[in-house]
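Step one of this worksheet: look at the structure below.
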Amino acid sequence: MSQPSVTAEELATQPADWRAAAALAAGSLADLPQPGERVAVVGCGTSWFMAQAYASLREAGGHGETDAFAASEFPYGRHYDRVLAISRSGTTTEVLDLLRRTGAPTTAITADPAQPVAAVADRVVDLGFADERSVVQTRFATSVLALLRAHLELAGALPGGVRAVAAAAGDAQGAVAAEVPAELAACEQFAFLGTGWTVGLAQEAALKMREASLSWTEAYPAMEYRHGPISIAAPGRAVWVFGELPDGLAAQVAAAGALLVSDSGAAGIDPLADLVRVQRLALAIAAARGLDPDRPRNLTRSVVLG
């Protein structure tokens, strides 16, 4: 029997990691965005998608205007009270350049405070317990969002309907142990959809499937899926919705013959735990295709530009 990949081993620690992140939030209150601040949250790849999710949660919770940007696309002409940067490695070129250039107060969340990000950020939140050897990120990114959700939770600023981190971690425990449905593993294409803060989760789900299994994946806001992308829905393809299912979408997907997955939101598991299910599906498809998720094609653990 083959040994599980490093990616799979790290994926499985997420429930405990989220609980640790929630505990860390209480000691990081001054380092993270304060109520009323105008905040930009930045990152690259997976970190950018977590930034999108947090920005939506923070605004919906009434804590202040919050924008999310890919670090390479940051609008330097805008004023922000704080820039929050997310970088697992602490070495990502675009993030370091941004932190050096912006005149706003800065906070970095990283898994390795010994790296250059700590020298260029004003404040650092250390998530070293969620660091990863794997290239395909799982636990660091979700632990960042757990930390930020817990921070909003402590301030009473979680939007209505969004569960506490403890509940999300419980759902993730079940997601780690659940069987991967064979019908899903056999699909040739995946469209991931979200609304509000779960749009970022949909983007991350699509990225994980591409990175680990080289699958054909796309991601959209749920209502936008109807404006053209639904044309690719067909038998043997899946439409996975994070959070609430818009009225009428299920009937449209069924009419196209695609497989609908809609298990998260008010009546199901936490959407962040639903992302863990996608991570596990990506690894299952990779294994079926003879791919090594610890060595994804064309990727490295950190992007450092020459």
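Read-outs throughout are calculated quantities, based only on the coordinates presented, and are distinct from any laboratory measurement. Model, not experiment: these values are computed from the prediction. FYI the Cβ positions are ideal-geometry reconstructions off the backbone, even for glycines, and counts take in every protein chain you see.
Here are labelled values, (i) 38, 26, 16; (ii) 42, 19, 17; (iii) 30, 22, 19, and one is the computed semi-axes √(5λ) of the Cα gyration tensor in Å for what I pasted. Which one?
(iii)
P(r) for the range 126-278: what percent of alpha-carbon pairs falls in each 10 Å bin, starting at zero?
11, 40, 35, 13, 1
How charged is the neighbourhood of A104? Take every other residue with its Cβ under 15 Å from the Cβ of A104, and add Lys/Arg as +1 and Asp/Glu as -1.
On the way: positive: R38, R78, R82, R100, R101, R123; negative: D31, E37, E65, D67, D81, D97, D122.
That sum, taken over residues with Cβ under 15 Å, equals -1.
Under a crude label model (7 Å from the Cα following the beta-carbon direction), how far is E65 from R78 in nanometres?
Label-label distance for E65 and R78, simple model: 0.8 nm.
Packing-wise, with mean Cβ within 10 Å as the measure, how do 17-23, 128-134 rank, highest first? Numbers along the way, then the final one.
Numbers: 17-23: 22.0, 128-134: 17.6.
So the order, starting with the most tightly packed, is 17-23, 128-134.
Convert each backbone phi in the range 241-246 into a coupling constant with the Karplus relation 6.51 cos²θ - 1.76 cosθ + 1.60 (shift: θ = phi - 60°), then list the ³J(HN,Hα) values in order as whole Hz, x for Gly and Pro.
Using θ = phi - 60°, the values come out as 9, 8, x, 6, 8, x Hz.
Which order results if F74, F49 are arranged by neighbouring Cβ count within 10 Å, fewest first?
Neighbour counts put them in this order, fewest first: F74, F49.
Roughly how many debye, to the nearest 20, is the charge dipole of the range 178-288 about its Cα centre, given +1 on each Lys and Arg Cβ, -1 on each Asp and Glu Cβ, and no other charges? All intermediate terms of the calculation are to be shown ahead of the outcome.
Numbers: 6 positive and 12 negative charges, 43 e Å.
Computed charge dipole of the range 178-288: roughly 200 debye.
For the chain, find the longest principal axis of its Cα atoms and tell me its angle to the long axis of helix 46-60, 0 to 90°, nearest 10.
The two axes meet at around 80 degrees.
Once both axes come from the Cα atoms, what is the angle between helix 139-154 and the longest principal axis of the chain, in degrees from 0 to 90, rounded to 10?
For 139-154 against the chain, the angle is about 60 degrees.
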